[in-house]
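One structure is given below, encoded as structure tokens.
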Amino acid sequence: MEKLFEKMKEYLGMEDEIPFEEFEAYYQEVIAFLTGHHQGLDKEDALKSRFILSILVSNSGERAKRNKNLAKKYKKMGEKCTFWVEAMDYRLLKQGMNKQQILQAEKEISDSI
């Protein structure tokens with residue numbers, strides 16, 4: 001998870017938008033990681049995952065609006081990431097956090113970057 005989180009921090013610090021191919025590759029890496037490891041995530045990694053997924057949801061939605069040729073692909077990515085955000089929320093709620101605490105923790109992660 002740390003590698004994916006560091007890569008997202010790098011992306012957030014960039015001035016230019018990454019090309020579709022790189023965006024898709026990162027998205028696939030995140031989804032593959034979660035598919036194989038979501039059961040074993042501790043609270044910190046679940047929060048980092050949720051943060052990454054939230055950014056992917058937002059970015060895929062914006063890109064879908066601007067790029068009609070790839071809109072369908074971006075929408076699918078956004079939908080899958082939304083599913084995973086909900087899965088992370090469920091996991092964090094089961095670990096004793098409430099929705100407000102989850103959102104506050106995500107904001108703290110964002111502010112620390």
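The values are calculated or read from the model by the stated rules, or taken from the named source; none is laboratory data. Source: prediction; values computed, not measured. All Cβ positions, glycine included, derive from the backbone under ideal geometry; neighbour counts span all protein chains shown. To get the accessible areas, we keep the full protein, side chains included, count just its heavy atoms, and leave off ligands, DNA and RNA. Shrake-Rupley method; radii C 1.70, N 1.55, O 1.52, S 1.80 Å.
Applying the condition of being of a type in the set (A, V, I, L, M), touching a residue at least 12 places away in the same chain (Cβ under 8 Å) and in a helix (DSSP H, G or I) to the range 16-50 and asking which residue is surrounded by the fewest Cβ atoms within 10 Å (Cβ to Cβ) yields 31. Cβ-Cβ distances below 8 Å connect the following pairs, each with a first residue in the range 94-113 that is touching a residue at least 40 places away in the same chain (Cβ under 8 Å), a second residue that is outside any helix (DSSP H, G or I) and surrounded by 10 or more Cβ atoms within 10 Å (Cβ to Cβ), and a separation of six or more residues or different chains: 105/97.
Among the conditions (1) modelled with pLDDT of 95 or more; (2) in contact with a Ser or Thr (Cβ under 9 Å, 6 or more places away or on another chain); (3) over 20 Å from residue 111 (Cα atoms), the only one that residue 51 does not satisfy is (3). Quick one: count up the residues across the range 94-111 that are assigned to a helix (DSSP H, G or I) and open to solvent by 70 Å² or more (accessible area, probe 1.4 Å). Of the residues in the range 94-111, 9 are assigned to a helix (DSSP H, G or I) and open to solvent by 70 Å² or more (accessible area, probe 1.4 Å). Return the residue satisfying two criteria in turn: it lies in the range 59-74 and is open to solvent by less than 100 Å² (accessible area, probe 1.4 Å) and not hydrophobic (A, V, I, L, M, F, W, C), and of such residues it is farthest from the chain's Cα centre (by Cα). The selected residue is 67.
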